[in-house]
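Visitor: Take a look at the following structure, please.
What follows is calculated from the coordinates using simple rules that are stated; it is not laboratory data. Nothing here was measured: the structure is a model prediction, and the numbers come from that model. So basically every Cβ, Gly included, is an ideal-geometry build from the backbone, and we count neighbours across all protein chains shown.
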Amino acid sequence: MVLKKIDHSVLPGIALAALIAGIALFLNAQYPPLSPVIVAIIVGLLVNNVIGLPPICKQGADYCANTLLKMGIILLGIRLSFYEILNLGTMSFTIIIICIVLSLTLVISLSRKYNVPPKLATLIAIGTAICGNTAIVALSPVVKAKEEEVAFAVATITVFGLSAIIVYPLVGSLLDLSPIEFGTWAGTAINDTSQVVAAGFIYGESAGEVATVVKLIRNLFIAPVVFFFSYITAKAEVDTTGNNAGPRRINYFKIFPWFVLGFLLMALVRTAGILPESMADQISFAADFLLVMALGGIGMSIGIASMRGLGLKAFLTGLLAALTVGVTSLLLVLFIL
């Protein structure tokens, strides 16, 4: 249904985004800690700001940044199984909840204090709280964020995540954390899934397995959090029109992020074990490819000059949140597990 009646004018841009995605995923295969998402954005930026995006590719770039983005998020659900929640200890689950709530509230509070644009702050908040770049791209169409805000948030979260790959194993070794302790800490505090896996397996195979499971459970919260922000966004739009009826005037059917429902349905398919593992792996790869194409499309839609006004305060807000969540998660791990 999403693919029905594709206008042929979008094909050149889609082809260029696919090429960018291929380059990004190839580089990621050679060096896994290097996020293909950030590579795709950088290449897209270079195409638009250095080479010059051909006009014939503009519609396709926009199509990737919107339609293909949502398709990729839907397919991403195939990675998650609800059984993993049952296998996770109560204490680990508690730590995940605390860190998510702390991250969201802290970033939004700091953004108000330092006048960070609300949509950018929301993207940084969910990227820190849930699953890094994936959460950012999932939330961006819901809060109607600008392309440059998405790119800035992704770049910010990626810097913190790549730093964590080095810093977390060193701290874990200094504190002599057990594999369960380190895996839980990494899974609840590091942003992107690939970065969690990298840090976990650097520390040890058992730590890597624990970190991966904890992170996948954390990823499940992407659905309720995205719906929550869709409600908040719609409520704010109602309030700014001067309508005092508040939430009762919100059209819930219209604001509901239906692609998140697709994400949950794919997770249910994985949980039920309907598909063979090989097919699930293929769908997972397709999700990666579509998401990276989408970020390439976003990169091609941004003028670098438009990102300069987003400022140092937004970066520092994300940095403070990452540090606070990391320390809080570590203390919870040490005293609860």
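Visitor: List 203, 168 from most exposed to least, where exposure is judged by having the fewest other Cβ atoms within 10 Å.
Guide: Arranged by neighbour count, lowest to highest, 203, 168 become 203, 168.
Visitor: Still on this structure, please answer the following. About the Cα centre of region 10-336, what is the dipole size in debye to 20, counting +1 per Lys and Arg Cβ and -1 per Asp and Glu Cβ, all else neutral?
Guide: 1100
Visitor: Order of 288, 62, 176, 192 from fewest to most other C-beta atoms within 10 Å?
Guide: By the 10 Å Cβ count, ascending, the order reads 176, 62, 288, 192.
Visitor: List the pairs from 119/235; 70/313; 70/113; 58/235 whose alpha-carbon separation is above 24 Å, in the order I gave them.
Guide: 70/313; 70/113; 58/235
Visitor: Taking each full run of DSSP H in the chain as one helix, which ones are at least 30 Å long along their axis (Cα atoms) and have mean Kyte-Doolittle hydropathy of at least 1.0?
Guide: Once both thresholds are applied, what remains is 90-113, 147-175, 277-300, 311-336.
Visitor: Which FRET efficiency value, to the nearest 0.05, do you get for residue 31 and residue 159 by plugging their Cβ-Cβ distance into 1/(1 + (r/R0)^6) with R0 = 22 Å?
Guide: Using R0 = 22 Å, I get an efficiency of 0.85.
Visitor: Right, next: One-quarter of the Cα convex hull surface for the chain, in nm²?
Guide: Over all viewing directions, the chain projects a mean Cα-hull area of 18.0 nm².
Visitor: Find, to one decimal place in angstroms, the Kirkwood hydrodynamic radius of region 168-218, where the mean of 1/r is taken over every pair of different Cα atoms and then inverted.
Guide: So the Kirkwood estimate lands at 9.9 Å.
Visitor: Can I ask one more? Find the relative contact order for region 151-200 and round it to a whole percent, using C-alpha pairs within less than 8 Å whose residues are 6+ positions apart.
Guide: 52
Visitor: Next question. Could you identify which residue out of 140, 111, 284 has the top mean-square fluctuation in a GNM of the chain using Cα springs shorter than 10 Å?
Guide: 284
Visitor: Taking neighbour Cβ counts within 10 Å as the exposure measure, how do 167, 50 sort from fewest upward?
Guide: 50, 167
Visitor: Let me ask something else about it. So what is the relative contact order for the chain, in percent, with contacts set as C-alpha pairs under 8 Å and at least six apart?
Guide: Worked out over the chain, it gives 34 percent.
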